[in-house]
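The values are calculated or read from the model by the stated rules, or taken from the named source; none is laboratory data. Predicted, not measured: the structure shown is a model, and the values here were computed from it. Cβ: placed from backbone, ideal geometry, glycine included. Neighbour counts: every protein chain shown.
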Amino acid sequence: MAVEMHAGLASEGGSKLKMLLTFVDTLPNGRCNVIPQESSNSIKDWKFCNVIPQESSNSIKDWKFDFIAYRGFFLDGLILGNTDAHDWSEKGTYYALDLGGTNFRVLRVQLGGGRSSILDNDVKRQPIPQHLMTSTSEDLFDFIASSLKEFVDQEGDAESSVDRRRELGFTFSFPVKQISVSSGTLIKWTKGFAIRDMVGMEVSGCLEQAMTRKGLNMKVAALVNDSVGTLALGHYHDADTVAAVIIGTGTNACYMERTDAIIKCQGLLTTSGGMVVNMEWGNFWSAHLPRTTYDIDLDADSPNPNYQGFEKMISGMYLGDIVRRVILRMSEEADIFGPVSSKLSMPFILSLSAFLVKLCCFRTPLMAAMHEDDSPELTEVGRILSDILEVRKLVVKVCDVVTRRAARLAAAGIAGILKKIGRDGSGGKTPGRSRSDNRIRRTVVAVEGGLYTSYTMFREYLHEALNEILGEEVSQHVFLKVTEDGSGIGAALLAASQSSNSVDRDVIDGKLLGNLISLFVCGHMNM
Ligand code: ADP
Ligand code: MG
């Protein structure tokens, strides 16, 4: 992974890892004045800024992230860490949209300015209607704009009547060639989306046109993907956050890179000296990956063969279908499932009714339910597949193997990022100290996504593998922290900073633009 990261930063098209520029060069900073004491000596989940003393718990359930629960803490105890050029004192109500997988989210974040920071947030989630994933861009964006309008109207937001164009954060989690922090063109669809007329189009423009059609006076101030939004909220809560990883319907990662390491755009200048790089790691590939015939068949049957190889071995959209393929082969070769085998031959991607999907398809949550069935008779597995106990045990074993492989690959990816930025213990000592005084730096990776947060076995395998790869000494300093709805809230924070910081931004964008014109010319030619 680290080698491919270097290659992707060196030249456009130098690696399957696109290593896309995001134009986000400064991250929100709203550090707590109480630094959580990570007493654990293994990699565990952490909920950001939670000061309730259950931090060493193993169970993610104990860590429900709840803005409201500790709003008082924010109001009373928060100090803003102003280490960055921008002081993050935005005020007002900001909206964000989060599109990029199974669920679509509309968010509203209230920022208090100064010390109070995030006062409140509301989120409305809804599944994306299947037909819109392959319809036209106008249909998709009209749906998005209508949901936003409904949300804004329902909230009865006093500010919405103000006759000013309001700024919006847009989390659009597909590969995008950014033109600025607020605009970019779609490179290709992933995760089952396939709207042909949209590829190559400027994403924010499509949304703004739809918002105008629906009578919304809003503009996109930040166009990011889910990993960048997650990194923004992660860093806001904990300034040691250096990277973010998404493990949901799809998978991706981003991290803060030094501009001088981004060789493909030499002379890139930012105020912070860094820029968030969107790795698009779902497309990572290496001959070392343990590819099986099931992976090859799944890829061939997918709408995007030869793309997103890493994602197809790791993420929630695909794991259930790998399991289905393994069981189908077992049933064909050993006739152990009897009449179930006809159901097993239905590909996951068929547009089935919700009832049929439940009955016939190995969606990943169904797979998790079978995998985590701890009843002696494996009742849950039996409910899903009617068969004998020995067969049930076999099914659980298949789920285990597929999940463990996925989790270990994701852990290896995280270790690769840490290696690239010198946080894997090989180069992460604090500079300027004597040898005996050297400390490994505390390192936080923000994580979001339903597969990681809702599938306990997956999470445990990932932590186990990361501990194994990094070793005990380094692992003690590495923390994976869950940001709930971070991809959307982070986008709202970035939108807020862009709007209040527009003068600075123009200067930065101007400089960047000068440096990047040649890069974009190359980039577009390579597409
Ligand atoms: P997105 O933002 O891409 O829509 P989410 O982060 O909301 O994705 O995660 C949804 C995905 O997480 C589902 O598509 C599914 O693959 C996976 N998932 C959700 N719940 C579970 C579960 N209980 N067990 C396993 N996987 C799950
Ligand atoms: Mg998401």
Q. Just to be sure, is Leu462 within 16 Å of ligand 2 (Cβ to nearest atom), outside any loop (DSSP other than H, G, I, E, B) and either more than 16 Å from the chain's Cα centre (by Cα) or not charged (D, E, K, R) (or both)?
A. no
Q | Boolean, Gly77 is at pLDDT below 80 and away from ligand 1 (no atom under 16 Å from the Cβ) | A | yes
Q: Mind listing whichever residues of segment 284-309 are assigned to a helix (DSSP H, G or I) and either modelled with pLDDT under 95 or buried (at least 24 other Cβ atoms within 10 Å of the Cβ) (or both)?
A: Asp301
Q. Any chance segment 198-214 includes a residue that's in a loop (DSSP other than H, G, I, E, B) and farther than 27 Å from Lys312 by Cβ?
A. yes
Q | Scan of segment 1-14 for residues that are part of a loop (DSSP other than H, G, I, E, B) and either buried (at least 20 other Cβ atoms within 10 Å of the Cβ) or not polar (S, T, N, Q) (or both), ordered by number | A | Met1, Glu12, Gly13, Gly14
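Scan segment 107-124 and give yes if some residue there is near ligand 1 (Cβ under 10 Å from one of its atoms) and either in contact with a helix residue (DSSP H, G or I) (Cβ under 8 Å, 6 or more places away or on another chain) or touching a residue at least 12 places away in the same chain (Cβ under 8 Å) (or both), otherwise no.
no
Residues checked against (1) touching a strand residue (DSSP E or B) at 6+ places or on another chain (Cβ under 8 Å); (2) closer than 21 Å to Tyr318 by Cβ; (3) in contact (Cβ under 8 Å) with a residue 60 or more places away in the chain; (4) surrounded by fewer than 21 Cβ atoms within 10 Å (Cβ to Cβ):
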residue: Leu231; (1), (2), (3), (4): yes, no, yes, no
residue: Gly234; (1), (2), (3), (4): yes, no, yes, no
residue: His237; (1), (2), (3), (4): yes, no, yes, no
residue: Ile247; (1), (2), (3), (4): yes, yes, yes, no
residue: Gly250; (1), (2), (3), (4): no, yes, yes, no
residue: Arg258; (1), (2), (3), (4): yes, no, no, yes
residue: Leu269; (1), (2), (3), (4): no, no, yes, yes
